[in-house]
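*Asks:* Take this structure first; my questions come after.
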Protein chains: 4
Amino acid sequence: MNVAQQQPVFRHGLRVYWEDTDAGGVVFYANYLKFFERARTEWLRQLGFEQERLRLDAGAMFVVSETALRYLAPARLDDWLDVSVELRERGRASMLIRQQAWRSGQLLAEGEIRIGCVGAADFKPCRIPAAILQALDKTSSSLAQDLTP
Amino acid sequence: MNVAQQQPVFRHGLRVYWEDTDAGGVVFYANYLKFFERARTEWLRQLGFEQERLRLDAGAMFVVSETALRYLAPARLDDWLDVSVELRERGRASMLIRQQAWRSGQLLAEGEIRIGCVGAADFKPCRIPAAILQALDKTSSSLAQDLTP
Amino acid sequence: MNVAQQQPVFRHGLRVYWEDTDAGGVVFYANYLKFFERARTEWLRQLGFEQERLRLDAGAMFVVSETALRYLAPARLDDWLDVSVELRERGRASMLIRQQAWRSGQLLAEGEIRIGCVGAADFKPCRIPAAILQALDKTSSSLAQDLTP
Amino acid sequence: MNVAQQQPVFRHGLRVYWEDTDAGGVVFYANYLKFFERARTEWLRQLGFEQERLRLDAGAMFVVSETALRYLAPARLDDWLDVSVELRERGRASMLIRQQAWRSGQLLAEGEIRIGCVGAADFKPCRIPAAILQALDKTSSSLAQDLTP
């Protein structure tokens, strides 16, 4: 299901600390994957889901199967970044999420992250729990209704 | 100058994400140093100082010269932690800061961090900029006055 | 210049430690970017180049402008990984490098990393230093000669 | 049991990569805890023990309960560090380990790490597996014999 048209964009703000930088004086590029993950975690949380609970209750975990990022401009210590989360596709066992990191209106990095649902014990693909699918679709369709005349 | 009696405690909240955990299922102990540093950075910020600006304007950096931590109980994914910052001693070129990480009233980790001021180019010890010293002492003395009958 | 046909594959071995894992019990996916970078650093080193020296002497740095990774199977604590580096394209200011992480004959993760050369002070694109270009081409052409009947 | 007198010092070498540095241009101090841990892991390995196996077979994990480090001089990108591991005390459920990081004869950082053995499921203190205790004592006593006239 391609949900790009209907999906609202979730935003999460975060600060750049010493731990995020490297000797180039800027944010180490691998850390954008951490920033993007924090934003996805908060996006799931505002939909009502915590991943530690998901693992304990449903024995399921979301794992990242693909990442594709472009780094456009460097972020520095003390910068405040806005990280977006936008669901582009969702299937029964995986999702494609588009994310961007902005600083004061300048796009610094962006990319696509593919997430799959797996069993916490065996790492075999499994269905995304129904409650999460419903929450994802509800968000999409409610927005779709808002946009429909 | 021992300022422990007069110093208010600053608090900074943060979330535990996947990046912070290890295969033991809990927060990797080295990451408490990151959490403590984030809290110190926000403590300096609310006093009016940004470290990137300090480096560019004054050519000075705070570096950590000693850390002593005790790990009491594990934190897990999705936990919300409260990290405290308490100035215990301040000299002309260094400070001793006491920090704790709490989750819902349970103390998880605590320790002391010694910070020194150095030249950004040569890493040689230098005086803490006067404006920062004044801000530190003002905070301490204003609180002391509040507490004095 | 497309150098894929002629380029030998460089390999770098590394161990998985606690710091690399997450609460899923496996290597945190963002850390493959670190593993890949370590391998590229050693690849440059065996060509005769150190990046700290490059920064100090030529005022140039290699920065990552694009990463595209697929995560195929999880690595765990204590695993020994083999990480490959294969130059696919090189221009005057950037390179495309293909990398894979293997464990005992099983491919765990792979991807493409685009590297650009920038000024260390201004982050503006600059030419890759001539000595490095020569070393890259020499490696390629010497292998090409080996393969030619 | 205080084993400091008899204990040989184990050494592990490692390279500083971009991931280890921060915007100060040097190794981020928290990363010495990672370096020290890598060395302890290799020290246990040469004694015949892998921690992933320990967790799976004995349901036990080593966790860090205290760290006390002094940072004396900065390490930089491309530096090669020698990290030492020296067992200072070992009890039935915990050990105290002294560690140092050197670069070409210069001591950069040092400290003490207290390690405890806990159940992997409940994090409750447990005895260090007998085979590990024996290996630790054997190393100590064999050296003691070597030193005894």
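The values are calculated or read from the model by the stated rules, or taken from the named source; none is laboratory data. None of the values given here were measured: they were computed from a predicted structure. Please note: Cβ atoms are built from the backbone with ideal geometry, for glycine as well, and neighbour counts cover all protein chains shown. Heavy atoms of the whole protein, side chains included, go into the accessibility calculation; ligands, DNA and RNA do not. Shrake-Rupley method; radii C 1.70, N 1.55, O 1.52, S 1.80 Å.
Listed here are the residues, each with its yes/no results for (1) touching a helix residue (DSSP H, G or I) at 6+ places or on another chain (Cβ under 8 Å); (2) of a type in the set (S, T, Y); (3) closer than 20 Å to A:R11 by Cβ.
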| residue | (1), (2), (3) |
| --- | --- |
| A:S65 | no, yes, no |
| A:L77 | yes, no, no |
| A:L81 | yes, no, yes |
| A:R88 | no, no, yes |
| A:Q99 | yes, no, yes |
| A:G105 | no, no, yes |
| A:E110 | no, no, yes |
| A:R114 | no, no, no |
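*Asks:* State the number of residues belonging to region D:93-109 that are farther than 17 Å from D:V16 by Cβ and open to solvent by 10 Å² or more (accessible area, probe 1.4 Å).
*Replies:* So in region D:93-109, the residues farther than 17 Å from D:V16 by Cβ come out as D:93-98.
Adding the requirement that they be open to solvent by 10 Å² or more (accessible area, probe 1.4 Å) leaves D:93-94, D:96, D:98.
Residues flagged as farther than 17 Å from D:V16 by Cβ and open to solvent by 10 Å² or more (accessible area, probe 1.4 Å) within region D:93-109 amount to 4.
*Asks:* Select from region A:59-78 the residues that are within 14 Å of chain B (Cβ to nearest Cβ) and over 22 Å from C:G24 (Cβ atoms) and list them in ascending order.
*Replies:* Those that are within 14 Å of chain B (Cβ to nearest Cβ) and over 22 Å from C:G24 (Cβ atoms): A:P74, A:A75, A:R76, A:L77, A:D78.
*Asks:* Condition test on B:T148, is it at pLDDT below 95, of a type outside the set (A, V, I, L, M, F, W, C) and surrounded by 16 or more Cβ atoms within 10 Å (Cβ to Cβ)?
*Replies:* Values: at pLDDT below 95: yes; of a type outside the set (A, V, I, L, M, F, W, C): yes; surrounded by 16 or more Cβ atoms within 10 Å (Cβ to Cβ): no.
In short, no.
*Asks:* Something else about it: Determine which member of the set B:L33, B:L47, B:L56, B:L87 is over 30 Å from D:D122 (Cβ atoms) and within 14 Å of chain C (Cβ to nearest Cβ). Let's see the steps before the verdict.
*Replies:* Working: B:L33 fails: over 30 Å from D:D122 (Cβ atoms); B:L47 fails: within 14 Å of chain C (Cβ to nearest Cβ); B:L87 fails: within 14 Å of chain C (Cβ to nearest Cβ).
After ruling out the rest, the residue left standing is B:L56.
*Asks:* Six or more apart or on different chains, Cβ under 8 Å: which pairs go from a residue in region B:113-125 that's under 25 Å from B:F35 (Cα atoms) to one that's open to solvent by 90 Å² or more (accessible area, probe 1.4 Å) and part of a loop (DSSP other than H, G, I, E, B)? Could you list them?
*Replies:* That search, which allows pairs on different chains as well, returns B:C117/B:R127; B:V118/B:K124.
*Asks:* Would you check which residues across region B:13-22 are in contact with a strand residue (DSSP E or B) (Cβ under 9 Å, 6 or more places away or on another chain) and either among the aromatic types (F, W, Y) or surrounded by fewer than 21 Cβ atoms within 10 Å (Cβ to Cβ) (or both) and list them? Explain how you work it out, then say what you get.
*Replies:* At the first step, the residues of region B:13-22 found to be in contact with a strand residue (DSSP E or B) (Cβ under 9 Å, 6 or more places away or on another chain) are B:13-16, B:20-22.
Within region B:13-22, B:G13, B:L14, B:R15 qualify.
*Asks:* Which pairs do you get when a residue that is farther than 12 Å from D:A109 by Cβ and facing chain A (nearest Cβ under 7 Å), found in region D:16-30, comes within reach of a residue that is open to solvent by 10 Å² or more (accessible area, probe 1.4 Å) and among the aromatic types (F, W, Y), reach meaning Cβ atoms under 8 angstrom, with the pair 6+ apart or on two chains?
*Replies:* Once the first residue is farther than 12 Å from D:A109 by Cβ and facing chain A (nearest Cβ under 7 Å) and sits in region D:16-30, its partners that are open to solvent by 10 Å² or more (accessible area, probe 1.4 Å) and among the aromatic types (F, W, Y) give D:D22/A:W18; D:A23/A:W18.
*Asks:* Based on this model, can you work out whether B:E42 counts as within 11 Å of the chain's Cα centre (by Cα), within 14 Å of chain A (Cβ to nearest Cβ) and either open to solvent by less than 10 Å² (accessible area, probe 1.4 Å) or acidic (D, E) (or both)? First the steps, then the outcome.
*Replies:* Working: within 11 Å of the chain's Cα centre (by Cα): yes; within 14 Å of chain A (Cβ to nearest Cβ): yes; either open to solvent by less than 10 Å² (accessible area, probe 1.4 Å) or acidic (D, E) (or both): yes.
Yes.
*Asks:* Can I ask one more? Return only the number of the condition from (1) within 11 Å of chain C (Cβ to nearest Cβ); (2) under 30 Å from B:R55 (Cα atoms); (3) open to solvent by less than 60 Å² (accessible area, probe 1.4 Å) that A:L81 does not satisfy.
*Replies:* (1)
*Asks:* Report, ordered by the first and then the second residue, all pairs with beta carbons closer than 6 Å, sequence separation of six or more or different chains, a first member in region B:47-66 that is among the aromatic types (F, W, Y), and a second member that is outside any strand (DSSP E or B) and crowded, with 19+ Cβ neighbours inside 10 Å.
*Replies:* Short answer, once both residue conditions are applied: B:F49/B:I132.
*Asks:* Next up: Name the single residue that is farthest from C:V16 (Cα to Cα) among those in region C:66-87 being of a type in the set (D, E) and in contact with a Lys or Arg (Cβ under 6 Å, 6 or more places away or on another chain). Before the answer, list the steps.
*Replies:* Going through region C:66-87, the residues of a type in the set (D, E) turn out to be C:66, C:78-79, C:82, C:86.
Add one more test, that the residue is in contact with a Lys or Arg (Cβ under 6 Å, 6 or more places away or on another chain), and what stays is C:66, C:79, C:82, C:86.
Details: C:E66: 25, C:D79: 5, C:D82: 11, C:E86: 22 Å.
Across region C:66-87, the extreme among qualifying residues is C:E66.
*Asks:* While we're here: Would you call C:R90 out of contact with any Phe, Trp or Tyr (no Cβ under 9 Å at 6 or more places or on another chain), crowded, with 18+ Cβ neighbours inside 10 Å, modelled with pLDDT under 95 and closer than 22 Å to D:T21 by Cβ? Can you show your working first?
*Replies:* Details: out of contact with any Phe, Trp or Tyr (no Cβ under 9 Å at 6 or more places or on another chain): yes; crowded, with 18+ Cβ neighbours inside 10 Å: yes; modelled with pLDDT under 95: yes; closer than 22 Å to D:T21 by Cβ: no.
Taking the combined requirement at face value, the residue does not satisfy it.
*Asks:* Have a look at D:F10, D:F35 and point out the one that is modelled with pLDDT of 95 or more and open to solvent by 30 Å² or more (accessible area, probe 1.4 Å).
*Replies:* Values: D:F35 fails: open to solvent by 30 Å² or more (accessible area, probe 1.4 Å).
From the options D:F10, D:F35, the qualifying one is D:F10.
*Asks:* Here's something else I'd like to know. Any residue at all in region A:49-65 that's of a type in the set (D, E, K, R), closer than 20 Å to D:D20 by Cα and surrounded by fewer than 20 Cβ atoms within 10 Å (Cβ to Cβ)?
*Replies:* no
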